[in-house]
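A quick write-up on the structure given underneath.
The values are calculated or read from the model by the stated rules, or taken from the named source; none is laboratory data. All figures in this text were calculated on a predicted structure; none of them were measured in a lab. Because the Cβ atoms are built from the backbone with ideal geometry, glycine has one as well, and the counts that use them run over all protein chains shown. When the accessible area is computed, the model is the full protein with side chains, heavy atoms only, and any ligands, DNA or RNA have been set aside. Shrake-Rupley method; radii C 1.70, N 1.55, O 1.52, S 1.80 Å.
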Amino acid sequence: MADPDSTSMPRRAFIQQGAATVAAAAALSPSATEAQDAKSKPPELPRRVLGKTGVQVTILNGGTARAPDALDRLLRFEYSRGVRFFDTAATYGTEEAFKKWFAAMPEVRPQIFLATKDGVARPSDMLKRVDARLEALGTDYIDLLYFHALSGKAVDFGLTGNEMDWPKSREMKETIAALKKTGKVRHVGFATHDQRRAEQLEIAAEGGLMDVIMVAMNPWLEKDSRLNRAIDACHKKNIGLVAMKVLAGHLALSGFMRDLKQMRLDSPVLKQRELNPYQAILQALWSDERIASVCVAMPNTDQVTQNTDAAQRFHPMSPAEIRGLRTALLKAGPMMCAACDGSCSRAAGTNARLGDLTRFLTYYEHHGAHRWAREAYAVLTEEQRNWQGADLASARAACPTGLDFAQLLPKVDRLLG
Ligand code: SF4
């Protein structure tokens, strides 16, 4: 069973030990990091304009969904490595770390682009949540406020009701105007990893209300897929796009080291660019110019070092390089659904939510977020959990990431049930 930090182990195999040691030492000492900041200009990460916000954000967005105890120190370390776009949420319990950081280093606040999220029963309720978010964060303004996990179905965050129409509703339009009028919120968006997110993005493009959308995706969306076309539509409407859940779920721990040699054969770009597979996934995603930034939870200094290194050394990958990388990753056995509309369940002839079940397993095994995974699983109905009798071979054939459901689902029952 993986502990919360276990994902760092295989990644360490790719990094030069010296850099990792220096990084860890710096993070353990806030004063050392501050001293480094004072002496030398922090390295700049590449930036892109975040849609209609007009703000140039770093292409790496520091996520805080998987947070260690000393998160405020890790935030300082990310900052020292050039990250200027940070992400938190009411449900993560990580806003306090920003408050602590801003109290110790008030000069940081205007230097960063800070996003937080909250879940509400209806759009106008967000107006009542702003002050609580400001208080939790220790700031008097939020750069970007997301409606959290916009959903047509109540799964992850206990939200209820059909929210599909929110991105084009009159109530949302009035709420966004009112939020901005307070001067406490500069930009508004929503975050989604819902199976119907392609439709949500289509509706958002039609509505034209949202400044930013954070969406679960991967770097190899089929050109004609509904999600890819919806991303195009949003991009054309100048809605800023942030990708998420890009790394999680790839490379099941047990298969990682075993498959490394083969992965390098299947994906020469790993060797040519001296990238580990996680860095390569980021560079593949950044090769999509529609995406302004990629939000990645980085629970330790090694991952911060690797991901900022990938950003600093970024140059676009060719379609052939991205295809090769995809082949290599699929062979290594990904476990999380991140890219689709539930084709697996339809192909398997079941009402079980095969994609959600594997995603919750990822939270458990890969993130080490045991309680979160079990809570998310517990929200599903018996019918949504019960995959017995499903045609798992057909589900695998239908899944664009080729998830091995026959291997993964018994684990779901064992670990989350
Ligand atoms: S087919 Fe694969 S990617 Fe699509 S919902 Fe199912 S598990 Fe997720």
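Do we find that residue 202 is within 17 Å of residue 189 (Cβ to Cβ) and of a type in the set (Asp, Glu) in this structure?
Spelling it out, residue 202 is indeed within 17 Å of residue 189 (Cβ to Cβ) and of a type in the set (Asp, Glu).
For a quick check of your reading of the model, give me the residue pairs whose first member lies in region 396-410 and is farther than 18 Å from residue 364 by Cβ, whose second is near the ligand (Cβ under 8 Å from one of its atoms) and modelled with pLDDT of 90 or more, with beta-carbon atoms closer than 7 Å and at least 6 apart or on different chains.
Cβ pairs passing all conditions: 396/405; 397/347; 398/344; 398/347; 399/344.
I'm trying to understand the selection: among the residues of region 222-241, which are part of a helix (DSSP H, G or I) and either open to solvent by 10 Å² or more (accessible area, probe 1.4 Å) or at positive phi (or both)?
Those that are part of a helix (DSSP H, G or I) and either open to solvent by 10 Å² or more (accessible area, probe 1.4 Å) or at positive phi (or both): 226, 227, 228, 229, 232, 233, 235, 236.
For region 337-354, name all the residues that are within 16 Å of residue 389 (Cα to Cα) and near the ligand (Cβ under 8 Å from one of its atoms).
344, 345, 347, 354
Scanning for something within 24 Å of residue 195 (Cα to Cα), open to solvent by 40 Å² or more (accessible area, probe 1.4 Å) and more than 13 Å from the ligand (Cβ to nearest atom), does region 293-314 turn up at least one residue?
Taking every residue of region 293-314 in turn, none turns out to be within 24 Å of residue 195 (Cα to Cα), open to solvent by 40 Å² or more (accessible area, probe 1.4 Å) and more than 13 Å from the ligand (Cβ to nearest atom).
Any residue at all in region 354-369 that's touching a residue at least 40 places away in the same chain (Cβ under 8 Å), open to solvent by less than 20 Å² (accessible area, probe 1.4 Å) and more than 24 Å from residue 65 (Cβ to Cβ)?
No - not one qualifying residue is present in region 354-369.
Just a yes or no: is a residue in region 204-213 farther than 15 Å from residue 290 by Cβ and modelled with pLDDT under 95?
No, that holds for no residue.
Under 7 Å between Cβ atoms, at least 6 apart or on separate chains: pull out the pairs that start in region 183-197 with a residue that is polar (S, T, N, Q) and end on any residue that is buried (at least 21 other Cβ atoms within 10 Å of the Cβ) and in a helix (DSSP H, G or I).
From region 183-197, the pairs are 192/200; 195/355.
Counting only residues that are at pLDDT below 80 and in a helix (DSSP H, G or I), which one in region 331-344 is least open to solvent (accessible area, probe 1.4 Å)?
In this case the residue turns out to be 332.
Every residue in region 361-384 that is among the polar types (S, T, N, Q) and within 16 Å of the ligand (Cβ to nearest atom), please.
362, 384
Does at least one position in region 64-83 carry a residue that is in contact (Cβ under 8 Å) with a residue 12 or more places away in the chain, farther than 23 Å from residue 307 by Cβ and either open to solvent by 40 Å² or more (accessible area, probe 1.4 Å) or of a type outside the set (D, E, K, R) (or both)?
no
Go through (1) part of a helix (DSSP H, G or I); (2) open to solvent by less than 10 Å² (accessible area, probe 1.4 Å) and name the single condition residue 407 misses.
Going through (1) part of a helix (DSSP H, G or I); (2) open to solvent by less than 10 Å² (accessible area, probe 1.4 Å) one by one, residue 407 breaks only (2).
Kindly evaluate residue 88 against the criterion of being open to solvent by less than 40 Å² (accessible area, probe 1.4 Å), in the same structural domain as residue 199 (by TED's automatic domain parsing), β-branched (Val, Ile, Thr) and in contact with a strand residue (DSSP E or B) (Cβ under 7 Å, 6 or more places away or on another chain).
yes
For region 385-403, enumerate the residues that are assigned to a loop (DSSP other than H, G, I, E, B) and either basic (Lys, Arg) or near the ligand (Cβ under 9 Å from one of its atoms) (or both).
399, 400, 401, 402, 403
Of the residues 347, 311, 373, 328, only one is aliphatic (A, V, I, L, M), in contact with a strand residue (DSSP E or B) (Cβ under 7 Å, 6 or more places away or on another chain) and in a helix (DSSP H, G or I); which?
Only one candidate passes the filter, namely 311.
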